[in-house]
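Right, one structure below, let's go through it.
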Amino acid sequence: MKNNIYDKDKKIICPKCGSNQLITDHESAEIACENCGIIVDKNLVDIDPEWRAFDHEKKDKYSLLKTPTSYIIPNKDLDTMVDWENKDGPGQDISIRNKSQLYRLKKWQRKTRVSGATERNLAFALSELDRDSSRLGLPKSVRESASVVYRSAVDNNLIRGRSIECVVIASLYAACRRCNIPRTLDELAEVSRVTKKEIGRTYRFLARELNIKLPPTSPIDYVPRFASELGLSGEVQSRAIDIIEKAMEKELTSGKGPTGVAAAALYIASVLVGERKTQRDVADITGVTEVTIRNRYKELTEQLEMGEIL
C-alpha cells in the first residue's frame, strides 16, 4: 500500500479517496485519512529528540546530547574503542580465561575500523593533522576546516605523487587563513617534516585546484598573538593596530610581509606606550629578522610622520 500513497509531487495522499487531509496519531504511530477514515500508514518511526526545550538556552544545552559529526574522525562519527588495558568497567583485572577473547575483539575491532589503503591513509593523515594542530595550539574549528580541505583533496585525486604530510600541513595552512587564525609558513615547517618552500608550493596547488579563494593575510591578525607572547598590554595592541590601519590607508603594507609589518608596529607601539621591547625580543617572538623590523620601522615612522621615537 505504501507505493500508492504518494502523488507525483511525493506528497502523502489517501490511496482510497485521494484526499490529502491526513491526521497523524503519534500515540498509535499511524496516519489516517480525515475524509474516509482509512489507515494510510502505520508503524511510524519518531525521529524527534527525546527531550523538550522551552527556551534557546535549554535547546542549545540539550542539543549537545546528539551524536556529533566530526571530519577529524575518519568515519566522521564517534567510534567505540576497545581499550588496551586488561580491565573491565569497574576497573578490575580481566581473568586469564577471558584475556584471549578480549585480545581477538581488539584485533578485529582495529581491522574493521580501517579497511583498505584509502581509509588507512586517511586515518594516518588525520592523525598527523591532529598532532600538528596540537603542537601549534590550534582550536577544533581550524582542525575541522583543515580536515574538510584534505578530504576534498582526496576526493579530487590531488594526493597522488605528493607526500601525505605535505598535503596535510598545506591544508592546515589554508584552514588557519580561512579561520583568521594565521600561522606563518616558518611555524608550520617547524612542527612538520616539510620545508617552507614545499608547504607554499602545495598550498598554491590546492588553492588553484580546489578553487580556494582567500584574501591576503592582514598584519592586524598577528598583533594579538605576538603581543600576548611578548607580554604587552592591551593598550600597546590597540596602538599597534591603529598604526597598521593608518599604514594600510596609505598602502604602505602592499607587497610587504604581514609579520614584518606587525612586528614593526608592535615595536613602535611598545616604545610609545612606555613598555619598550628591544628589536631582538620582537624578532625572536615574531620570527622575522632585526633588519626587517628596522626597515619596516623606518618606513612607517617616515611615511606616517611619526618622527624619530627611539
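Quick look at the numbers
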item	result
The stretch 190-201, residues that are within 19 Å of Arg135 (Cβ to Cβ) and in contact (Cβ under 8 Å) with a residue 12 or more places away in the chain	Val191, Ser192, Arg193, Val194, Glu198, Ile199
Qualifying residue in the stretch 156-167 (condition: closer than 27 Å to Thr289 by Cα and at pLDDT 90 or above)	yes
Filter result (in contact (Cβ under 8 Å) with a residue 12 or more places away in the chain and closer than 20 Å to Pro258 by Cβ) within the stretch 203-215	Tyr203, Ala207, Ile212, Leu214
Filtered residue count, the stretch 211-220, keeping only those that are surrounded by fewer than 19 Cβ atoms within 10 Å (Cβ to Cβ) and modelled with pLDDT of 90 or more	1
Lone qualifier among Val261, Val271 - being β-branched (Val, Ile, Thr) and over 25 Å from Asp186 (Cα atoms)	Val271
Residues of the stretch 134-184 satisfying the condition of being touching a residue at least 12 places away in the same chain (Cβ under 8 Å), of a type in the set (Ser, Thr, Tyr) and in a helix (DSSP H, G or I)	Ser141, Ser145, Ser147, Tyr150, Ser152, Ser171, Tyr173
Residue count, the stretch 261-288 (criterion: in a helix (DSSP H, G or I) and either touching a Cys at 6+ places or on another chain (Cβ under 8 Å) or within 13 Å of Arg225 (Cα to Cα) (or both))	6
Given (1) over 23 Å from the mean Cα position of the chain (by Cα); (2) on the phi < 0 side of the Ramachandran plot, index of the condition Glu305 fails	(2)
Selected residue (criterion: nearest to Ile181 (Cα to Cα)) from residues of the stretch 261-310 that are acidic (Asp, Glu) and in contact (Cβ under 8 Å) with a residue 40 or more places away in the chain	Asp281
Matching residues, the stretch 243-260, being of a type in the set (A, V, I, L, M, F, W, C) and either touching a residue at least 60 places away in the same chain (Cβ under 8 Å) or not in a loop (DSSP other than H, G, I, E, B) (or both)	Ile243, Ile244, Ala247, Met248
Output for the stretch 179-198, where each listed residue is touching a Cys at 6+ places or on another chain (Cβ under 7 Å) and within 22 Å of Lys256 (Cα to Cα)	Pro182, Arg183, Glu198
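Quick grid of which residues meet (1) within 19 Å of Ile73 (Cα to Cα); (2) surrounded by fewer than 20 Cβ atoms within 10 Å (Cβ to Cβ); (3) touching a Gly at 6+ places or on another chain (Cβ under 7 Å):
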position: Arg120; (1), (2), (3): yes, yes, no
position: Ala123; (1), (2), (3): yes, yes, no
position: Arg135; (1), (2), (3): yes, yes, no
position: Lys140; (1), (2), (3): yes, yes, no
position: Arg143; (1), (2), (3): yes, no, no
position: Ala146; (1), (2), (3): yes, no, no
position: Tyr173; (1), (2), (3): no, no, no
position: Ile181; (1), (2), (3): no, yes, no
position: Val194; (1), (2), (3): no, no, no
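The values are calculated or read from the model by the stated rules, or taken from the named source; none is laboratory data. Predicted model, so just to flag it, every value in this text is computed and none were measured. Quick reminder, even Gly has a Cβ in these numbers, built from the backbone with ideal geometry, and neighbours come from all protein chains shown.
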